[in-house]
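The values are calculated or read from the model by the stated rules, or taken from the named source; none is laboratory data. Being a predicted model, the structure only gives us computed values, none of them experimental. Here the Cβ positions follow ideal geometry from the backbone for every residue, glycine too, while neighbour counts run over all protein chains shown. The protein model used for the area step is the full one, side chains on, heavy atoms only, and it has no ligands, DNA or RNA in it. Shrake-Rupley method; radii C 1.70, N 1.55, O 1.52, S 1.80 Å.
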Amino acid sequence: MLTAFARAFRTPDLRKKLLFTLGVMFLFRLGSHIPTPGVDTAAIRSCVSGAGTTGGLGLINLFSGGALLQLSVFALGIMPYITASIILQLLTVVIPRLETLKKEGQAGQTKITQYTRYLTVGLAILQSTGLLATAKYSPSNLISGCTQQIIYPSVDTKAMVFMVMVMVAGTSIIMWLGELITDRGIGNGMSLLIFTSIASGFPGSLWAIKETSKLGGGWVVFLGIIAMGCILVGFVVFIEQGQRRIPVQYAKKQVGRRMYGGSSTYIPIKVNQAGVIPVIFASSLLQLPVLVAQFADPNGTHHWSTWVRQELGLTNNGYSLYYSVAYFLLILFFAFFYVAITFNPDEVADNMKKYGGFIPGIRAGKPTAEYLNYILTRITWPGALYLALISIIPMIALAEFHTGSKFPFGGTSILIIVGVGLETVKQIESQLQQHNYEGFLR
């Protein structure tokens with residue numbers, strides 16, 4: 001990986017793209033520290049120093065790189081765009097119009113991207129309104145244990161509308177920055193912004209673990225967690241690169257005096273075919289009851305809201321057994337669900353039959369679809385179990401190391417960091433191959 005980056009910096013064109021990408025990432029992080037007008041930054045620093053986000057907003061704070069707690073102009077981060085993308089991807093299976101656009105190639109994908117942008121703005125309006133209303137009227141639901149007013153009392157309804165507009169504009173700028181990286185940088189813009197948000201919190205989280213631990217001045221736990229993180233990264237890379245290659249042979253066809261076809265290829269089915277989506281779905285679904293309990297019963301006077309907060313929310317003792325089991329099972333369910341809606345064995349089998357392809361030893365048509373479904377089911381089980389086990393590692397660390405919600409290695413964080421890192425290296429290597437290609441004649 002380091003060799004690829006070194007070779008890229010020696011190539012003038014790629015060096016410009018890398019420096020442009022780094023500059024955009026710097027602007028993105030700078031915007032995460034610019035407060036929204038009307039926010040009392042001194043009160044926020046006072047609240048944040050002794051607490052963190054409540055369980056229901058942890059995922060948004062993770063994807064915003066901590067900007068959510070600062071109520072900055074980029075407080076929502078890239079989360080509205082991620083949610084909009086997932087919704088459009090799911091609706092593609094349900095709405096025939098979207099499915100038709102998906103099959104139209106580049107023109108259809110451009111239209112779906114435009115719909116994603118519109119939906120992102122709508123979600124940003126809803127999320128920013130809820131976030132600012134919570135910060136003004138119930139700050140303890142945003143930052144646990146915060147009793148101060150983190151939005152100035154003089155802020156009225158018109159000022160709140162202006163603050164919403166600022167946050168929505170910030171989300172739109174983030175979309176624009178991501179598309180700039182995709183068009184003028186090294187590509188994969190939105191994923192790199194997510195990578196930047198998550199990676200920016202690693203040094204602070206590691207140092208906070210060192211400061212809170214008492215064993216050996218904190219260095220024993222600090223070095224132990226770094227060693228554990230290196231092992232986890234190696235394990236995640238190994239699984240993410242794993243795939244089952246199903247051989248496909250294409251029959252020969254004679255057109256006039258020429259013979260066409262007869263080539264062989266394969267269908268790559270990854271072990272983790274669903275990616276990080278099941279983890280995001282499971283986290284979001286389990287956060288909904290906690291959010292409902294926080295807003296419906298802020299003081300915790302009802303028995304049901306108290307039970308929801310204790311059993312499904314993050315407490316001083318970590319997550320409960322109910323949460324851990326529900327989280328594990330939901331990840332398994334969403335892994336199979338997402339793979340089922342994104343990989344259609346019947347469609348793949350029909351396309352193979354249409355172009356004269358077949359799997360050796362398997363008849364074309366329905367037997368091929370049944371074979372692909374059988375292979376997909378078998379390979380999804382280890383992928384789903386891998387996702388579930390990686391995702392509960394922070395809960396184990398929470399109980400064993402008493403690191404609070406600051407454990408950086410595990411769950412969504414490490415999956416996104418490793419996945420985006422691998423994809424970025426592949427893109428750099430492919431661009432290097434294009435620049436260094438010598439051709440057939442020397």
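Here is how the numbers come out for the structure above:
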item: Listed residues Tyr355, Tyr115 arranged by accessible area, highest first, probe 1.4 Å; result: Tyr355, Tyr115
item: Selected from Ser391, Ala349, Ala364, residue furthest toward positive end of dipole (region 319-397; charges at beta carbon); result: Ala364
item: Surrounding net charge for Val271, when Lys and Arg each add one and Asp and Glu each subtract one, Cβ distance under 15 Å; result: +3
item: Candidate lysines - alpha carbon under 30 Å from Lys136, same-chain residues fewer than 8 apart omitted; result: Lys158, Lys406
item: For Arg244, residues with placed amide H under 5 Å, excluding near neighbours; result: Ile269, Lys270, Val271
item: Contour minus Cα-Cα distance for Tyr137 and Glu211 (0.36 nm per residue); result: 23.4 nm
item: Added length on full extension, which subtracts the Cα-Cα distance from 0.36 nm per residue, Ile87 to Ser46; result: 11.1 nm
item: When each of Lys102/Lys426; Lys17/Lys102; Lys103/Lys353; Lys16/Lys426 is checked by Cα-Cα distance, pairs over 20 Å; result: Lys102/Lys426; Lys17/Lys102
